[in-house]
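One structure is given here, and the rest of the page talks about it.
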Number of protein chains: 4
Amino acid sequence: MKLWEKGTPLNKQIEAYTVGNDTILDQALIKYDCLASIAHAKMLAKIDILTEDEAAALEKELHNIIELDTKGKFTIRPEQEDCHTAIEAYLVGKLGDTGKKIHTARSRNDQVLTALRLYYKTQLADTKDLATEFGKIVEAFAKKHENIIFPGYTHTRKAMPSSVAMWANAFVDAMQDNQPLLNAAYNLIDQSPLGTAAGYGVPLELDREFTKTELGFSRIQHNPIYTQLSRGKFESSILHALSQVMVDLNRLASDLILFSLPDFGYFELPAELCTGSSIMPQKKNPDVLELLRANYHVINSLEMQLKTIPANLISGYHRDLQLTKEPVMRTFEITNSSLSIINLVFEKLQVNEANCATAMTDELYATQKVYELVEKGMPFRDAYKKVAGDIE
Amino acid sequence: MKLWEKGTPLNKQIEAYTVGNDTILDQALIKYDCLASIAHAKMLAKIDILTEDEAAALEKELHNIIELDTKGKFTIRPEQEDCHTAIEAYLVGKLGDTGKKIHTARSRNDQVLTALRLYYKTQLADTKDLATEFGKIVEAFAKKHENIIFPGYTHTRKAMPSSVAMWANAFVDAMQDNQPLLNAAYNLIDQSPLGTAAGYGVPLELDREFTKTELGFSRIQHNPIYTQLSRGKFESSILHALSQVMVDLNRLASDLILFSLPDFGYFELPAELCTGSSIMPQKKNPDVLELLRANYHVINSLEMQLKTIPANLISGYHRDLQLTKEPVMRTFEITNSSLSIINLVFEKLQVNEANCATAMTDELYATQKVYELVEKGMPFRDAYKKVAGDIE
Amino acid sequence: MKLWEKGTPLNKQIEAYTVGNDTILDQALIKYDCLASIAHAKMLAKIDILTEDEAAALEKELHNIIELDTKGKFTIRPEQEDCHTAIEAYLVGKLGDTGKKIHTARSRNDQVLTALRLYYKTQLADTKDLATEFGKIVEAFAKKHENIIFPGYTHTRKAMPSSVAMWANAFVDAMQDNQPLLNAAYNLIDQSPLGTAAGYGVPLELDREFTKTELGFSRIQHNPIYTQLSRGKFESSILHALSQVMVDLNRLASDLILFSLPDFGYFELPAELCTGSSIMPQKKNPDVLELLRANYHVINSLEMQLKTIPANLISGYHRDLQLTKEPVMRTFEITNSSLSIINLVFEKLQVNEANCATAMTDELYATQKVYELVEKGMPFRDAYKKVAGDIE
Amino acid sequence: MKLWEKGTPLNKQIEAYTVGNDTILDQALIKYDCLASIAHAKMLAKIDILTEDEAAALEKELHNIIELDTKGKFTIRPEQEDCHTAIEAYLVGKLGDTGKKIHTARSRNDQVLTALRLYYKTQLADTKDLATEFGKIVEAFAKKHENIIFPGYTHTRKAMPSSVAMWANAFVDAMQDNQPLLNAAYNLIDQSPLGTAAGYGVPLELDREFTKTELGFSRIQHNPIYTQLSRGKFESSILHALSQVMVDLNRLASDLILFSLPDFGYFELPAELCTGSSIMPQKKNPDVLELLRANYHVINSLEMQLKTIPANLISGYHRDLQLTKEPVMRTFEITNSSLSIINLVFEKLQVNEANCATAMTDELYATQKVYELVEKGMPFRDAYKKVAGDIE
């Protein structure tokens, strides 16, 4: 039975279409929804809507659900639509009337937002940790190979001398500059939506400060209409930050794929990281790098999804917004596993010093020759033209 | 064991990252891969690489796999990566050396493309059928309400008299014009890739005409490099056609959501198609229409995925291209279920004739007044200004 | 004075924001709007709304406008908003009351659509011609170098022997398969919208068959609501077809950039097609190829614009739809100039036979060795493993 | 003559294709490029590459260029490609050998990045000011109408009582939360790239701290490879922040369009902000709001452009990246003019108190009835069902 059922059963085909894969996605949210419900129950006791005993009973059963979920034993049935219904149904089953009181002073709208934000905050913290780890591993890699010179490219053509350290540290700096973006997204969502109900508040005096503190939010999102307008918009700031992480991995993977090509051979990927071909026995393919590269495009398109779904809609909740949940979950999964993978790759990656040295051909020093002339007093543009003329 | 394994085991984390959810997605391809393998085995017998007995044995076991799959009993294990490996492993297990011969003269590349195109063709045929059914249902709806006049809007404001029939038939015509686009996509992919191997052919004389005919393709895609360049590109033409279907449903849903709002009340959605609110007991919400509307954005972003993944890559297969499989599967699932749902909605949709009549206010006839003056000989622009002045 | 002005002047800031760059874009439409107006005037005479003399006078002045426009002497003033207003104003200025009659039985909505479709048809014809020319030039290039073998790559690693002819012909085939997509887009838009007015027809008996024939459309788009629903949607089919052309150029440019890199050196771009660096005198950069590659992304995003602007809107015209004009114009400009450029590139492109030969290293023949064992009777998978073992 | 020209003239068709509309876009950069060149010249004097006299002469002429540009008298000729070449050419023309020295120790790459970042910072500051002004204007609007109750909607259906103040303040809060995102983008780009040359530094000891301070950057972007990797990536963070501003305007415009529809009539847009129809004399259309709404989609697609152009490219400059300039310029133009326009709209917008009152129908109070029962001790879910039953 759904939270809103009033007699007329929902057409089965409509049920399947509207529920979609929420019952699967919501598995990740059970814990956060229980934590939010515990804080909510305590607050209801504080404002005398529940007795202390009722709140304690609810808290105990909500902890039981978390426990069951940890063991993979709390399931959401399709006709229940989502984890929120399954949890309320469990509480009513265990506690009768007390269970029927848990939804007082909230709507599924603010309930969902609360659970999602708690989930996002945990995931973002993981991303930040993995990004920090990336910095350490790649910095160590740069240090290890700090004396190796190799060609720098522009327009996919040899340009000027570069070094493995300069190259690796470029990505360290890039990843470090992603941290403020991750923080900006984190701070944006770090507002407690609990108590805004369906987007227009509830006709009760709530203690929103209490639930905010209980749940570890840094502030309250006061305006209920704004809270609903945030759906999709806040998520898009998260995805922006994650896409900035992923674009770095995309460019990095592009470098590694080309520079580990035997014709260049600056880098070498050990066999245990390579895959093969079903027909060509000689192949050692960098599939893992190719998927790192391609996954940037996947999350980019998921961000576009988030940005277009809420557009052109009037304010207030619409079911459209439910579809913003999956792209964020998927993007966290991709970004965090991609960071883990690139960290592994850097632990195994080899630099071939001999190939790097061989590649340092004359043309890479043309600019240096210009500057030798400049130091002798020739105006830059004349020196440039003289060296250019000598090369022709 | 993977098709390409040669001793060094693949790092487990890399395996998980590269395999992704292929083992789940590939369940839908098992049947098509077996059908393609049967045609391939027959061809190998025809060109004397297999004996007739070997081909017959392979055909029998491949039919067994299809049978097992129908019952949900053919599973793909993660370390097998995909259905192609699981199928070859099954054949080797059952038939020994004969199983080891099935991959002669092909690569996983052309094998995957063949299975996918057979799958796409089936799905596209379903889309076309559902679109045709839509035409019939909506045309009947238009006919049923053909005498009902209601307001036509521009800029979300009342403009001129319209009718339920003109409105409904607009979508009939739109859907009909989608058929040539679906056909164009179908014709584009209706080329047999089998025999192009890993993108550079094989050093054997194949009978590609035979497999083409056996599998029901209308022609052979001769150039192996082009065959690989098609990956993602062909899929994008499919998704374009599907998105043209979905944009019609998006606009239709937008109309229905607004015009079934009680303030307008031109249309009524029966209770069995509506969902409710967890907090507001009075609500009858058109969630199904909102998801129809939102799903257009989902598939749009999946099309963008397909269009960006192959970009900037040199010719020849890259693992990136593997990620083009899921967006197409997902888009077919969304489009075909959305068409089914809208067909159901139109069978249940009510028109409220009284509300339509009440809404036919004076302003809708202003243009008619202009034309009455025009018929009396006043130049159009003067007549327009006269009526405008009368309204002010 | 705008067509719709009724006294209250439009706020100047609003005027600037709403007019945007229409006055510039519309320069390209003047001719087509005049041609459509001529057909419309003739039709009005045919149904006795204009006298034959009035129609002849209008026709003469409309031809004068086309003539002025050819010389760059017909300008659209900002306060006129667009070419349609400028043209009507010119006619009223020259012909008085007769000019005020030209807008009888039409709205700016169907007028704009008619002019745009005529413009699109001309542009699409150019695209088709340039694509055909591409086929001829690249086929000749393939023929010229048909004996040159060079490496085929998968995963950006050497795979199997390929040839310059196989490579070039891949793009010939790809471009040929774009033609049916261009035709599908052409056929879709080849419907006369003239007479549908603002999306709800006009209360007059028009001869739509006459204007359709006069303007060279192959059929009439009967339903006025559908006609408005087509805005953006039809354009998206055009952009899809153009993006399929551009993705081929993107992949082609990617190949040429890498394979003309001196480390490979299979292809050589003559100096007159290369640009240089402001600091490094030795550089010969393939900027033209890089812009070909990047322009695919530009038009992709323009297609996304077209696909999202009309979404979630109810049926009937909205000013939002006006923004679909520029992306199409821009995409035609990019695609057609890109085709011209690649045709020029292929006329100048050199193949370095020696570099191709040098690159044909042993590993490229591993699959051939497998097939030699297969021909001696070894099952494929065993032969594969044997050759793999020999390589290790 | 281009900065890199060495004898062989560039093919004219290639020149037109590669230069594109840079000569037009670069008009906005002339001032910033001159300011950066002044700082650069002073630094060159400080490290004894220029004499003080030479630096002073350059500074004087660069100020002259700024002056000329202010008067619209500094033009960039197509064969000069961009403002950087035009400026160097001017300096050489005026100062001979001294002019030829200005490009010492820099490349066009870091020169362009420096000019662009100075330009971006100015534009972002404008956006922040306009967003702050929006807050003030809308807050005043909320205060002015603070006692007006009107319906709150979910699923485009009446839900619960809302108020004009709650509604308007939702957008105030949303815009306020955009400020940290604008700041995050600002801080990200606030790094001096000058001195990183073509992405691999120059073989000279520069005083990068000096130019950083001179130009008002808060820190130096040290790693030259990272500096190049930032191209497009930094811009995408800017566009993300701007798109968060624009999505608020999109939702706001959607509300205003619907709620100013006479059938609702909560808001009224004065005639001077409305446009009309060429055929229907009664129409007062909210074109300005529709374009606000649509422009969100335009900038969204421009952000997608920025995110896809650099993808899959190896590190180091590519000409592709040049195409990231226009989308940012365009987005600033759209966002800043849209903010100006919405501020104007809010100054003129009327609230119709009577229509708001009439719309407060019974159903909006259903949740309140539930809470009356809850206060009497009925469990929430039972109260919900009782009220629901009463409504049926």
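Looking only at the range D:17-37, which residues are within 13 Å of chain C (Cβ to nearest Cβ) and over 25 Å from A:Y384 (Cα atoms)?
Of everything in the range D:17-37, those that are within 13 Å of chain C (Cβ to nearest Cβ) and over 25 Å from A:Y384 (Cα atoms) turn out to be D:Y17, D:G20, D:N21, D:I24.
All but one of (1) modelled with pLDDT of 90 or more; (2) in a helix (DSSP H, G or I) hold for D:Q13; state the number of the condition that does not hold.
Here D:Q13 meets the rest and fails (1).
Yes or no, residue by residue, for (1) closer than 25 Å to C:T132 by Cα; (2) out of contact with any helix residue (DSSP H, G or I) (no Cβ under 7 Å at 6 or more places or on another chain):
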| position | (1), (2) |
| --- | --- |
| C:G152 | no, yes |
| C:H155 | no, no |
| C:F171 | yes, no |
| C:T213 | no, yes |
| C:F234 | yes, no |
| C:S237 | yes, no |
| C:H240 | yes, no |
| C:S243 | yes, no |
| C:D248 | yes, no |
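Being assigned to a helix (DSSP H, G or I), surrounded by fewer than 23 Cβ atoms within 10 Å (Cβ to Cβ) and in contact (Cβ under 8 Å) with a residue 24 or more places away in the chain is the requirement here; does B:H40 meet it?
Considered against the rule, which asks whether it is assigned to a helix (DSSP H, G or I), surrounded by fewer than 23 Cβ atoms within 10 Å (Cβ to Cβ) and in contact (Cβ under 8 Å) with a residue 24 or more places away in the chain, B:H40 comes out as no.
Check every one of the helices (runs of 4 or more DSSP H) wholly within the range D:297-392 and list those with 3 or more residues that are among the polar types (S, T, N, Q).
D:325-348
Mind counting the residues in the range D:345-365 that are aliphatic (A, V, I, L, M) and open to solvent by 20 Å² or more (accessible area, probe 1.4 Å)?
The total comes to 4.
Which one of these does A:S230 not meet: (1) over 24 Å from A:K325 (Cα atoms); (2) in contact with a helix residue (DSSP H, G or I) (Cβ under 8 Å, 6 or more places away or on another chain)?
(1)
Hey, among the residues in the range B:285-312 that are touching a residue at least 24 places away in the same chain (Cβ under 8 Å) and polar (S, T, N, Q), which one's nearest to D:A311 (Cα to Cα)?
Looking at the filtered set, the residue picked out is B:N300.
Is it true that some residue in the range D:311-322 is within 7 Å of another protein chain (Cβ to nearest Cβ), open to solvent by less than 10 Å² (accessible area, probe 1.4 Å), within 27 Å of the chain's Cα centre (by Cα) and acidic (D, E)?
Looking through the range D:311-322, at least one residue is within 7 Å of another protein chain (Cβ to nearest Cβ), open to solvent by less than 10 Å² (accessible area, probe 1.4 Å), within 27 Å of the chain's Cα centre (by Cα) and acidic (D, E).
Mind listing whichever residues of the range A:21-37 are open to solvent by 50 Å² or more (accessible area, probe 1.4 Å) and at pLDDT below 95?
A:N21, A:I24, A:Q27
Say whether the condition of being modelled with pLDDT under 95 and either in a helix (DSSP H, G or I) or more than 29 Å from C:I225 (Cα to Cα) (or both) is met by at least one residue in the range C:101-108.
The answer is yes; a qualifying residue exists.
Of these, B:G195, B:G216, which one is out of contact with any Gly (no Cβ under 6 Å at 6 or more places or on another chain) and either crowded, with 24+ Cβ neighbours inside 10 Å or aliphatic (A, V, I, L, M) (or both)?
B:G195
Is it fair to say D:A271 is more than 8 Å from chain C (Cβ to nearest Cβ) and either closer than 30 Å to C:C83 by Cα or without any contact (Cβ under 8 Å) to a residue 60 or more places away in the chain (or both)?
Criteria not met by D:A271.
Within the range C:156-180, which residues are open to solvent by 20 Å² or more (accessible area, probe 1.4 Å), farther than 27 Å from C:T358 by Cβ and more than 7 Å from chain B (Cβ to nearest Cβ)?
Correct list: C:Q176, C:Q179.
Step by step: first the residues of the range C:277-295, then only those that are at the interface with chain D (Cβ under 7 Å from one of its Cβ atoms) and either part of a helix (DSSP H, G or I) or modelled with pLDDT of 95 or more (or both), then the one that is surrounded by the fewest Cβ atoms within 10 Å (Cβ to Cβ). Which residue is that?
Residue satisfying both the conditions and the ranking: C:D287.
What is the number of the single condition among (1) open to solvent by 40 Å² or more (accessible area, probe 1.4 Å); (2) in contact (Cβ under 8 Å) with a residue 40 or more places away in the chain; (3) within 11 Å of chain B (Cβ to nearest Cβ) that C:K128 does not meet?
(3)
Can you find, within the range C:44-53, the residue that is farthest from C:E205 (Cα to Cα) among those that are away from chain B (no Cβ under 14 Å) and in contact with a helix residue (DSSP H, G or I) (Cβ under 7 Å, 6 or more places away or on another chain)?
C:E52
Just the residues that are among the acidic types (D, E) and open to solvent by 30 Å² or more (accessible area, probe 1.4 Å), please, taken from the range D:55-82.
The answer is D:E59, D:E67, D:D69, D:E79.
Confirm whether B:N183 is more than 7 Å from chain C (Cβ to nearest Cβ) and open to solvent by 10 Å² or more (accessible area, probe 1.4 Å).
Criteria met by B:N183.
For the range B:90-118, which positions are more than 11 Å from chain C (Cβ to nearest Cβ) and among the small types (G, A, S)?
Residues satisfying the conditions are B:G93, B:A115.
Return the residue satisfying two criteria in turn: it lies in the range D:43-54 and is out of contact with any Leu (no Cβ under 6 Å at 6 or more places or on another chain) and not in a helix (DSSP H, G or I), and of such residues it is most open to solvent (accessible area, probe 1.4 Å).
Filtering first and then ranking leaves D:D48.
Kindly evaluate C:E209 against the criterion of being open to solvent by 10 Å² or more (accessible area, probe 1.4 Å) and in contact (Cβ under 8 Å) with a residue 60 or more places away in the chain.
Taking the combined requirement at face value, the residue does not satisfy it.
Can you name every residue in the range A:83-104 that is open to solvent by less than 10 Å² (accessible area, probe 1.4 Å), hydrophobic (A, V, I, L, M, F, W, C) and within 32 Å of the chain's Cα centre (by Cα)?
Selection gives A:C83, A:A86, A:I87, A:I102.
Across the range B:91-121, what is the number of residues that are without any contact (Cβ under 8 Å) to a residue 60 or more places away in the chain and over 21 Å from A:S277 (Cβ atoms)?
Count: 6.
Results for (1) outside the structural domain of A:L116 (by TED's automatic domain parsing); (2) over 30 Å from D:V92 (Cα atoms); (3) not β-branched (V, I, T), shown as yes or no for each residue.
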site	(1), (2), (3)
A:K284	no, yes, yes
A:I299	no, yes, no
A:Q305	no, yes, yes
A:Y317	no, yes, yes
A:V370	yes, no, no
A:K386	yes, no, yes
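Based on this model, can you work out whether D:T335 counts as within 14 Å of chain A (Cβ to nearest Cβ), closer than 30 Å to D:S243 by Cβ and either open to solvent by less than 10 Å² (accessible area, probe 1.4 Å) or modelled with pLDDT of 95 or more (or both)?
No, not satisfied.
The values are calculated or read from the model by the stated rules, or taken from the named source; none is laboratory data. Since the structure is predicted, the reported quantities are computational estimates derived from the model, not experimental observations. Here the Cβ is made from the backbone with ideal geometry for all residues, glycine too, and neighbour counts use every protein chain on show. Accessible surface areas use protein heavy atoms only, side chains included; no ligands, DNA or RNA. Shrake-Rupley method; radii C 1.70, N 1.55, O 1.52, S 1.80 Å.
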